[in-house]
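Beneath this line is the structure, given in structure tokens, with notes to follow.
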Amino acid sequence: MTEFQEISREWLVGDGDGGDVRPPADLRPEIPHPARMYDYYIGGKDNFPADREAAEKVLAISPMVRLSALANRAFLGRAVRHLAAEGIRRFVDIGTGIPSAGNTHEIAQRVRPDARVVYLDNDPIVLVHGRALLSGTTPESTAVVQADLRDPAGILAAPEVRAALDSGEPVGLLLVAVLHFIDEADDPYGIVRTLVDALPPGSRLVLSHGTLDFTPAADAPRGPAVYRGATAQLSMRDRAQVLRFFDGLKLTDPGLVTAPLWRPDTPEQPTDSQVGIWAGVAEKP
Ligand SMILES: C[S@@+](CC[C@H](N)C(=O)[O-])C[C@H]1O[C@@H](n2cnc3c(N)ncnc32)[C@H](O)[C@@H]1O
């Protein structure tokens, strides 16, 4: 039994002592969760049949989704390594996802052992995994907070985030593969502006975003349709729309590109430019 299954079992069937342990409503295994679907795409084991079924439907429509998810995860790693090498020690990672190979704190702390990471996600499943994320860390170095990106003021008020901002040091703000879960009606551009405005100068925004720019028009509505049955809906955006998130910031070379093309580590790395993820890093002046 994986740790996920053990922990989830505690939530789902009780603590074995007759205690009244109930899952938070959002943890329901019968409804696909984007965090668990993503975990399935990148080869994790922390997902339920409903997640796998929905993920398989998406993969049947667009087999590139798995490659895109892996390319996105690899981008996150390279971007965090880049920031840490540039001296960034404070990271705020919103839309953390279920812990997987190469979590932000592991990558950052390998380069800078004094790096501090605050993880935020609105899915309680990520909190359930807090233990895994925090293992081998101290409370000062790594924290996990349940928060919703649609409430940027709430995020900025969280004591762990405040501590990062009040340090006055540049902060690495990570919005990696999360903004495509924010509908236009929830003002995604306003949310990013509010968060970026609160960052000290020299801070970096690391952002990636799903796109249908490379999907045949006839297939475009089909992937997002599967997510309509999930706990969060997909709002894919084209390159120009993703670029708008960087307004007022200075894009780091090579600019906004598909995920595999953002500073690939080796020439051998797959560089399929058509994966449906735009990715970029920018600095706040
Ligand atoms: C595709 S995963 C990305 C995980 C990780 N950032 C990565 O790129 O490897 C998207 C994550 O965003 C979270 N998420 C979706 N909507 C959110 C919201 N409104 N507020 C906070 N997190 C959200 C999901 O729960 C999921 O864990």
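Annotations for the structure displayed:
- Tally, over the stretch 224-245, of residues that are small (Gly, Ala, Ser) and within 19 Å of the chain's Cα centre (by Cα): 3
- Residue match in the stretch 228-242 (condition: under 17 Å from Val281 (Cβ atoms), assigned to a helix (DSSP H, G or I) and away from the ligand (no atom under 16 Å from the Cβ)): yes
- Take the conditions (1) within 20 Å of Leu27 (Cα to Cα); (2) in contact with a strand residue (DSSP E or B) (Cβ under 9 Å, 6 or more places away or on another chain); (3) buried (at least 24 other Cβ atoms within 10 Å of the Cβ); Leu83 misses just one of them, which is (1).
- Just so you know, in the stretch 109-129 the residues that are part of a loop (DSSP other than H, G, I, E, B) and within 9 Å of the ligand (Cβ to nearest atom) include one that is surrounded by the most Cβ atoms within 10 Å (Cβ to Cβ), and it is Asp123.
- Complete set of residues in the stretch 201-215 that are more than 10 Å from the ligand (Cβ to nearest atom) and under 15 Å from Leu83 (Cα atoms): Pro201, Gly202, Ser203, Arg204, Leu205, Leu207
- Single match in Ile107, Ile125, Ile98, Ile88 (criterion: touching a Leu at 6+ places or on another chain (Cβ under 7 Å) and among the β-branched types (Val, Ile, Thr)): Ile125
- Subset of the stretch 65-124 that is farther than 17 Å from Glu140 by Cβ and basic (Lys, Arg) - its residue that is nearest to the chain's Cα centre (by Cα): Arg73
- For the stretch 137-190, the set of residues classified as more than 15 Å from the ligand (Cβ to nearest atom), at pLDDT 95 or above and not in a helix (DSSP H, G or I) consists of Glu169, Pro170, Val171, listed by residue number.
- Any hit, the stretch 54-75, residues being touching a Ser or Thr at 6+ places or on another chain (Cβ under 8 Å), at pLDDT 90 or above and more than 24 Å from His180 (Cα to Cα): no
- Residues within the stretch 156-189 that are hydrophobic (A, V, I, L, M, F, W, C), farther than 13 Å from Val117 by Cα and under 15 Å from the mean Cα position of the chain (by Cα), tallied: 7
- Elements of type helices (runs of 4 or more DSSP H) in the stretch 23-108, at least 1 residues being in contact with an Asp or Glu (Cβ under 7 Å, 6 or more places away or on another chain) and within 13 Å of the ligand (Cβ to nearest atom): 34-41, 64-85
- Close pairs from the stretch 136-165: first farther than 15 Å from Thr96 by Cα, partner among the basic types (Lys, Arg), Cβ under 7 Å, at least 6 apart: Glu140/Arg116; Ser141/Arg116; Ala164/Arg90; Ala164/Arg116
- Total residues in the stretch 214-238 satisfying the condition of being out of contact with any Gly (no Cβ under 9 Å at 6 or more places or on another chain), at pLDDT 95 or above and surrounded by 14 or more Cβ atoms within 10 Å (Cβ to Cβ): the figure is 0.
- For Thr271: the one exception among (1) more than 14 Å from the ligand (Cβ to nearest atom); (2) at pLDDT below 95; (3) under 30 Å from Ala50 (Cβ atoms): (3)
- Selection count where residues are of a type in the set (Lys, Arg) and surrounded by fewer than 22 Cβ atoms within 10 Å (Cβ to Cβ), scope the stretch 33-54: 2
The values are calculated or read from the model by the stated rules, or taken from the named source; none is laboratory data. This is a predicted model, so every value here is computed, not measured. Cβ sites come from the backbone with ideal geometry, for glycine too, and all protein chains shown count toward neighbours.
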